[in-house]
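Take a look at the structure set out below.
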Amino acid sequence: MSTDKGPFGASRAYFPGDNPSVISESEEAQIIDEAASALPDWHIDFVPRRGLSNGHVQTIVGNYLRRPPFRLVSTPEEVLVDPADNSRVVCYCNWQPLPERATSLTVVLVHGLEGSSDSQYIQGLADRAWSACCNVIRMNMRNCGDTDDLTPTLYHSGLSGDVGAVISHFTQAQGLERVALVGYSMGGNLVLKLAGEWANKSPLCAVAAVCPAIDLAAGSDALHQPANRGYEWHFLRRLMARYRRKAAIYPHIFAKRGIGPIRSVRQFDDKIVARYCGFRDADDYYYRAASARVIDRIAVPTLVLRALDDPFIRLIPESRAKLLANSHVKLIETRHGGHCAYLSTDTGNDIHWAEATVMRYLLHVTAQINGS
């Protein structure tokens, strides 16, 4: 098998028998011209920084690479996401001045597993969105960002309703007319799930997801592979530490004993998430919480970025086919990039290719929607 680069940077596989070289020079020139014309103005191919073409290296360096200090002064606001149990999340907001605030594009940023509104990629996108004259909302999932005492529940990959509650809250409070969602990894699953559930509900007008965990079961099983056990233990240590904090705050809800040994994310989801979040078991949770079930119903412009060398995010063929069949979705698959890293050959802050691509995309599609 050999590979070639398809439109939008995706890897296209050729198997013996395909014999793609049996075309005339004129046909080849036409194919190249058509592929070039199909590339949108906002797209720039991803070229990994020298020495970072390995998915694991990209992932690790991308996680620890230091950035300039985050200097945006944001206003925190608690948002009620579930009146039944008084669950609240904390959002950090940066608002454009009145009267442009309501008409400016509002970008809601959703972090990944065990991240927060202070995750580097969230802050990086916030800087870019603010510089582009957008309102910015950095949302913490339940319990994240040191907010364990604001909800008696755990957070999980199916709480797309929380994202919807945040949009509704600020739309009512600020009169927002256009809202775009951006999610990373687990946050990517949440924003895609909400987009499928909402279809074209106003004021949602665009979505972008970077390395989204669309197929939860496949990703959980990939984390348990020997090459990925380091990542799994990293997540497990933090998840178990959070569970112990919740048990200390709400001892009448969460058991401190009787959970048993937990040696994988799947076991955590089976013994803790399913038990306390209303699922039968891990498989039931993975099925019901996965955006894979609703991505065919997305009806607003949506960008999905994923790296083929992502160590533990998997996209099964059925889900990939749904994305490709949905005319509202632009799927960009790159050979390299790791998990939520995408460190490119560009210099300065432009080394973060995914963040730059997401903002170019959002500004492009929302300008088209707005008729400019």
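Bear in mind that the values in this text are calculations on the coordinates, not laboratory data. Just so it is clear, the structure is predicted and the values come from calculations on it, not from any experiment. Counting neighbours? That spans all protein chains shown, and the Cβs are built from the backbone with ideal geometry, glycine included.
Comparing 211, 144, 133 in a Gaussian network model of the chain where C-alpha atoms under 10 Å apart are linked, the largest mean-square fluctuation is found at 133. Of the chain, which part is the longest with no GluC sites (Glu not before Pro) in a loop (DSSP not H, G, I, E, B) and with at most 16 other C-beta atoms within 10 angstrom? After excluding every exposed loop site, the longest remaining stretch is 178-372.
Each of 298, 137 has some number of other Cβ atoms within 10 Å of its Cβ, and from fewest to most they run 298, 137. For the chain, the number of Lys pairs separated by eight or more positions or lying on different chains, with C-alpha atoms closer than 28 Å, is 13. Cβ crowding within 10 Å, taken as a proxy for footprinting-reagent exposure, orders 264, 53 from fewest neighbours to most as 53, 264. When the alpha carbon gyration tensor of the stretch 223-289 is reduced to an equivalent ellipsoid, the three semi-axes, largest first, read 20, 16, 9 Å. Given their separation in residues at 0.36 nm each and the Cα-Cα distance between them, residue 85 and residue 255 gain 59.3 nm when the chain is fully extended. Coordinate range of the alpha-carbon atoms in the chain per principal axis, descending: 73, 54, 38 Å. Between the listed residues 259, 214, 226, the Cα displaced farthest toward the positive end of the dipole of the stretch 205-280, a dipole computed from Cβ unit charges relative to the Cα centre, is found at 259.
For the stretch 310-372, the spherically averaged projection of the C-alpha convex hull amounts to 5.7 nm². Taking the square roots of five times each eigenvalue of the Cα gyration tensor of the stretch 222-372, the equivalent ellipsoid has semi-axes of 35, 20, 17 Å, listed largest first.
For residue 54 and residue 284, calculate 0.36 nm times their separation in residues minus their Cα-Cα distance, and state this gained length in nm to one decimal.
So the chain would gain 79.4 nm between residue 54 and residue 284.
Only Cα pairs within less than 10 Å get springs; with that Gaussian network setup on the chain, which residue of 138, 50, 67 has the largest fluctuation? Per the Cα network of the chain with a 10 Å cutoff, 50 tops the list.
Remark: the residue 224-residue 240 segment gains 4.1 nm on full extension, using 0.36 nm per residue and subtracting the alpha carbon distance. Here the dipole of the chain is about 1400 debye; that uses its Cα centre as origin and unit charges on the Cβ of Lys and Arg (positive) and Asp and Glu (negative). Whole Å is fine, so just give me how far the alpha carbon centre of the stretch 107-176 lies from that of the stretch 259-324. Answer, in whole Å: 20.
Comparing 242, 288, 71 in a Gaussian network model of the chain, where Cα atoms under 10 Å apart are tied by springs, the biggest mean-square fluctuation is seen for 71.
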